[in-house]
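A.B. asks: Here's a structure for you.
The values are calculated or read from the model by the stated rules, or taken from the named source; none is laboratory data. Just so it is clear, the structure is predicted and the values come from calculations on it, not from any experiment. FYI the Cβ positions are ideal-geometry reconstructions off the backbone, even for glycines, and counts take in every protein chain you see. To get the accessible areas, we keep the full protein, side chains included, count just its heavy atoms, and leave off ligands, DNA and RNA. Shrake-Rupley method; radii C 1.70, N 1.55, O 1.52, S 1.80 Å.
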Amino acid sequence: MVNVAVIGTGYIGPVHIEALRRISGVVVKGVTDANAELARKTAEKYNIEKVYKDWREILDDPSIHVVHTCAPNSLHFPMNKAAIERGKHILSEKPLAMKLAEARELTELAEKKGIVTGINFCYRYYPVVLEMALRVRRGDAGNVRLVTGTWFQDWLSSDTDYTWRLSRSESGDSNISADLGSHWFDLIQFASGLRVTEVMADFATLIPVRKKPARQVLAFEKAGEVESQEVKVELEDYSAILFRLSNGAPGSFTTSQVAIGRKSDTEFQVYGSKYSCAWNHKRSNELWIGHRDTPNETLIESPVLQDPVSAAYASLPTGHPLGYHDAMLNLMKDFYDAVKAAIDGGKEPERELPRPTFRTGYDEMRILEAVVESNRRRGWIKVV
């Protein structure tokens with residue numbers, strides 16, 4: 001049995017727990033949170049054995065094999081580094097750290113010590129996204145000519161909406177580019193098999209002054225009119241990024257959290273020399289395939305119609321769509337296959353499509369650092 005502890009029980013921690021409860025041979029032994037009452041309620045809801053007083057107590061528990069880091073960005077580096085030094089395997093939220101040097105240190109330290117790592121880039125685990133990646137990486141769509149996409153939300157569209165992600169001390173040098181941008185760039189690098197090599201970014205803070213509630217506000221929570229104080233917003237709620245891929249292909253990405261009416265509207269499009277592919281989170285079980293001289297296609301998620309590699313992740317019969325919790329589950333199944341192999345002294349299973357590790361998180365931090373620097377300098381910056 002693999003014993004797991006989850007650090008952080010706000011929005012994303014319980015999402016991790018929901019997936020973990022569905023994996024054979026894995027048990028969530030305990031949770032912790034800076035808000036002790038929130039941790040207690042989470043443990044009670046999911047029938048979890050223990051509420052730890054803090055994350056250091058988790059690392060002191062020799063029975064814990066794996067730690068899930070679901071805390072704010074500012075805590076990722078110290079928590080993940082301490083876990084590595086204590087020999088715990090780790091699945092971390094993104095971004096991996098606040099600074100590129102921190103991400104590099106974590107990645108190299110984990111690899112040196114043989115720690116199994118994972119990072120929550122779950123959107124790549126929708127079955128039709130996996131199908132797209134197989135087709136594009138194998139060359140079925142031809143040479144990738146251009147990539148484009150958007151990600152719009154509205155949960156920060158009022159001046160009474162607030163999140164720790166808007167604070168530089170907790171989020172780092174970016175809000176939305178670090179949050180949604182990290183997911184989106186993982187999607188397009190994963191699906192294309194190419195790397196982002198150069199970026200030009202433009203940030204904007206569309207609501208420069210907000211009312212910060214006196215009490216804790218969870219992600220996506222609508223605080224409304226509560227006791228608060230006006231604060232100057234330090235980070236962006238809009239970002240537009242031009243980029244180049246490793247084959248020279250151009251791309252563009254625009255994202256905002258103040259797009260009223262858009263709840264979590266995510267899409268990316270890959271245009272090849274033979275055909276095109278597009279995916280939208282609102283229709284997450286559909287892969288659009290565009291042609292020049294024949295009718296366009298819509299592939300519906302299917303364990304019998306997809307390639308066997310991607311079909312393995314489509315666990316329900318055709319016509320029964322999977323959702324966000326299932327994408328999380330698919331990611332964690334791959335991660336825990338690697339963990340179980342490590343605990344048993346074996347090798348991680350080989351895969352045609354790579355799973356996201358700290359190395360993946362480090363690569364995303366390279367992009368993020370270039371994006372932030374580009375916005376500061378107002379020009380093109382190479383990803384190094």
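A.B. asks: Out of Gly172, Gly139, which single residue is surrounded by fewer than 18 Cβ atoms within 10 Å (Cβ to Cβ) and at positive phi?
C.D. replies: On the way: Gly172 fails: surrounded by fewer than 18 Cβ atoms within 10 Å (Cβ to Cβ).
After ruling out the rest, the residue left standing is Gly139.
A.B. asks: If you don't mind, there's one more thing I want to ask. Would you pick out the residues in the stretch 371-384 that are touching a strand residue (DSSP E or B) at 6+ places or on another chain (Cβ under 7 Å) and either charged (D, E, K, R) or not in a helix (DSSP H, G or I) (or both)?
C.D. replies: Of all residues in the stretch 371-384, those touching a strand residue (DSSP E or B) at 6+ places or on another chain (Cβ under 7 Å) come to 371, 373-375, 379-383.
Listed by number, the residues that qualify are Glu373, Gly379, Trp380, Ile381, Lys382, Val383.
A.B. asks: Now for a different question. I'd like the full set of residues that are open to solvent by 10 Å² or more (accessible area, probe 1.4 Å), of a type in the set (Gly, Ala, Ser) and in contact (Cβ under 8 Å) with a residue 24 or more places away in the chain, limited to the stretch 312-335.
C.D. replies: Across the stretch 312-335, the qualifying residue is only Gly323.
A.B. asks: Just to verify a result, which residue in the stretch 258-314, among those that are small (Gly, Ala, Ser) and not in a loop (DSSP other than H, G, I, E, B), is nearest to Val144 (Cα to Cα)? Steps first, answer last, please.
C.D. replies: At the first step, the residues of the stretch 258-314 found to be small (Gly, Ala, Ser) are 259, 261, 264, 272-273, 276, 278, 284, 290, 302, 310-312, 314.
This time we only want the ones that are not in a loop (DSSP other than H, G, I, E, B), so: 272, 276, 278, 290, 310-311.
On the way: Gly272: 4, Ser276: 9, Ala278: 13, Gly290: 14, Ser310: 21, Ala311: 24 Å.
Out of the qualifying residues, it is Gly272.
A.B. asks: I need the full set of residues from the stretch 336-356 which are touching a Phe, Trp or Tyr at 6+ places or on another chain (Cβ under 9 Å), under 15 Å from Val116 (Cβ atoms) and surrounded by 15 or more Cβ atoms within 10 Å (Cβ to Cβ), in order please. Walk me through how you get there before you give the answer.
C.D. replies: Of all residues in the stretch 336-356, those touching a Phe, Trp or Tyr at 6+ places or on another chain (Cβ under 9 Å) come to 353-356.
Applying the additional criterion that residues be under 15 Å from Val116 (Cβ atoms) yields 354-356.
Selection gives Arg355, Pro356.
A.B. asks: Hey, another quick one. Under the condition of being out of contact with any Ser or Thr (no Cβ under 9 Å at 6 or more places or on another chain) and touching a residue at least 12 places away in the same chain (Cβ under 8 Å), which residue from the stretch 293-303 is least open to solvent (accessible area, probe 1.4 Å)?
C.D. replies: This residue is Leu299.
A.B. asks: Then there is this: Using the structure shown, decide if Asn375 is on the phi < 0 side of the Ramachandran plot, open to solvent by 50 Å² or more (accessible area, probe 1.4 Å) and out of contact with any helix residue (DSSP H, G or I) (no Cβ under 7 Å at 6 or more places or on another chain). Steps first, answer last, please.
C.D. replies: Values: on the phi < 0 side of the Ramachandran plot: yes; open to solvent by 50 Å² or more (accessible area, probe 1.4 Å): no; out of contact with any helix residue (DSSP H, G or I) (no Cβ under 7 Å at 6 or more places or on another chain): yes.
Against the criterion (on the phi < 0 side of the Ramachandran plot, open to solvent by 50 Å² or more (accessible area, probe 1.4 Å) and out of contact with any helix residue (DSSP H, G or I) (no Cβ under 7 Å at 6 or more places or on another chain)), Asn375 does not qualify.
A.B. asks: Separate question: Val233 is checked against (1) open to solvent by 10 Å² or more (accessible area, probe 1.4 Å); (2) free of Cβ contacts under 8 Å to residues at least 60 places away in the same chain and fails just one. What number does that condition carry?
C.D. replies: It fails just one condition, (2).
A.B. asks: Going residue by residue through the stretch 33-53, is there one that turns out to be within 25 Å of Gly361 (Cα to Cα), under 22 Å from the mean Cα position of the chain (by Cα) and open to solvent by less than 20 Å² (accessible area, probe 1.4 Å)?
C.D. replies: Within the stretch 33-53 (the criterion being within 25 Å of Gly361 (Cα to Cα), under 22 Å from the mean Cα position of the chain (by Cα) and open to solvent by less than 20 Å² (accessible area, probe 1.4 Å)), the answer is no, since none of the residues qualifies.
A.B. asks: Select from the stretch 115-133 the residues that are assigned to a loop (DSSP other than H, G, I, E, B) and either modelled with pLDDT under 95 or closer than 24 Å to Asn73 by Cα (or both) and list them in ascending order. Spell out the reasoning first.
C.D. replies: Initial filter on the stretch 115-133 (assigned to a loop (DSSP other than H, G, I, E, B)): 115-116, 120-121, 126.
Ile115, Val116, Asn120, Phe121 - these are the residues of the stretch 115-133 that are assigned to a loop (DSSP other than H, G, I, E, B) and either modelled with pLDDT under 95 or closer than 24 Å to Asn73 by Cα (or both).
A.B. asks: Return yes or no: is Tyr123 surrounded by 19 or more Cβ atoms within 10 Å (Cβ to Cβ), aromatic (Phe, Trp, Tyr) and touching a His at 6+ places or on another chain (Cβ under 6 Å)?
C.D. replies: Working: surrounded by 19 or more Cβ atoms within 10 Å (Cβ to Cβ): yes; aromatic (Phe, Trp, Tyr): yes; touching a His at 6+ places or on another chain (Cβ under 6 Å): yes.
The answer is yes for Tyr123.
A.B. asks: Here's a follow-up. From the list Arg165, Arg145, pick out the single residue that is within 21 Å of the chain's Cα centre (by Cα) and either part of a loop (DSSP other than H, G, I, E, B) or in contact (Cβ under 8 Å) with a residue 24 or more places away in the chain (or both). Even if it seems obvious, please write down each step before you answer.
C.D. replies: Working: Arg145 fails: within 21 Å of the chain's Cα centre (by Cα).
Result: Arg165 is the single residue among Arg165, Arg145 that is within 21 Å of the chain's Cα centre (by Cα) and either part of a loop (DSSP other than H, G, I, E, B) or in contact (Cβ under 8 Å) with a residue 24 or more places away in the chain (or both).
A.B. asks: Then there's this: Taking Leu368 as the residue in question, decide whether it is in contact (Cβ under 8 Å) with a residue 24 or more places away in the chain, open to solvent by less than 50 Å² (accessible area, probe 1.4 Å) and not in a helix (DSSP H, G or I). Don't jump to the end; show me each part of the working.
C.D. replies: Values: in contact (Cβ under 8 Å) with a residue 24 or more places away in the chain: yes; open to solvent by less than 50 Å² (accessible area, probe 1.4 Å): yes; not in a helix (DSSP H, G or I): no.
Against the criterion (in contact (Cβ under 8 Å) with a residue 24 or more places away in the chain, open to solvent by less than 50 Å² (accessible area, probe 1.4 Å) and not in a helix (DSSP H, G or I)), Leu368 does not qualify.
A.B. asks: Look through the stretch 72-98, keep the residues that are part of a strand (DSSP E or B) and of a type outside the set (A, V, I, L, M, F, W, C), and return whichever of them is most open to solvent (accessible area, probe 1.4 Å).
C.D. replies: Start the filter on the stretch 72-98 by keeping residues that are part of a strand (DSSP E or B), which leaves 89-92.
Next cut, of a type outside the set (A, V, I, L, M, F, W, C) only: 89, 92.
Working: His89: 23, Ser92: 0 Å².
So the residue we want is His89.
So that you can scan it fast, the table gives a plain yes or no per residue for (1) crowded, with 18+ Cβ neighbours inside 10 Å; (2) in contact with a helix residue (DSSP H, G or I) (Cβ under 8 Å, 6 or more places away or on another chain); (3) closer than 14 Å to Arg124 by Cα; (4) of a type outside the set (A, V, I, L, M):
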position	(1), (2), (3), (4)
Asp265	no, yes, no, yes
Ser276	yes, no, no, yes
His291	no, no, no, yes
Pro308	no, no, no, yes
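A.B. asks: So if I check each of Val217, Val196, Val209, Val226, which one is on the phi < 0 side of the Ramachandran plot, at pLDDT below 95, touching a strand residue (DSSP E or B) at 6+ places or on another chain (Cβ under 8 Å) and not aromatic (Phe, Trp, Tyr)? Lay out the reasoning, then the answer.
C.D. replies: Working: Val217 fails: touching a strand residue (DSSP E or B) at 6+ places or on another chain (Cβ under 8 Å); Val196 fails: at pLDDT below 95; Val209 fails: at pLDDT below 95.
Residue meeting the stated conditions: Val226.
A.B. asks: Which of the following residues is open to solvent by 10 Å² or more (accessible area, probe 1.4 Å) and in contact (Cβ under 8 Å) with a residue 40 or more places away in the chain: Trp151, Trp155?
C.D. replies: Working: Trp151 fails: open to solvent by 10 Å² or more (accessible area, probe 1.4 Å).
Sole residue among the options that is open to solvent by 10 Å² or more (accessible area, probe 1.4 Å) and in contact (Cβ under 8 Å) with a residue 40 or more places away in the chain: Trp155.
A.B. asks: Specify which of the listed residues (Phe185, Phe253) is open to solvent by less than 10 Å² (accessible area, probe 1.4 Å), part of a strand (DSSP E or B) and either within 30 Å of Arg355 (Cα to Cα) or acidic (Asp, Glu) (or both). Before the answer, list the steps.
C.D. replies: Details: Phe185 fails: part of a strand (DSSP E or B).
It is Phe253.
A.B. asks: Ile64 versus (1) free of Cβ contacts under 8 Å to residues at least 40 places away in the same chain; (2) open to solvent by less than 30 Å² (accessible area, probe 1.4 Å): which is the lone unmet condition?
C.D. replies: (1)
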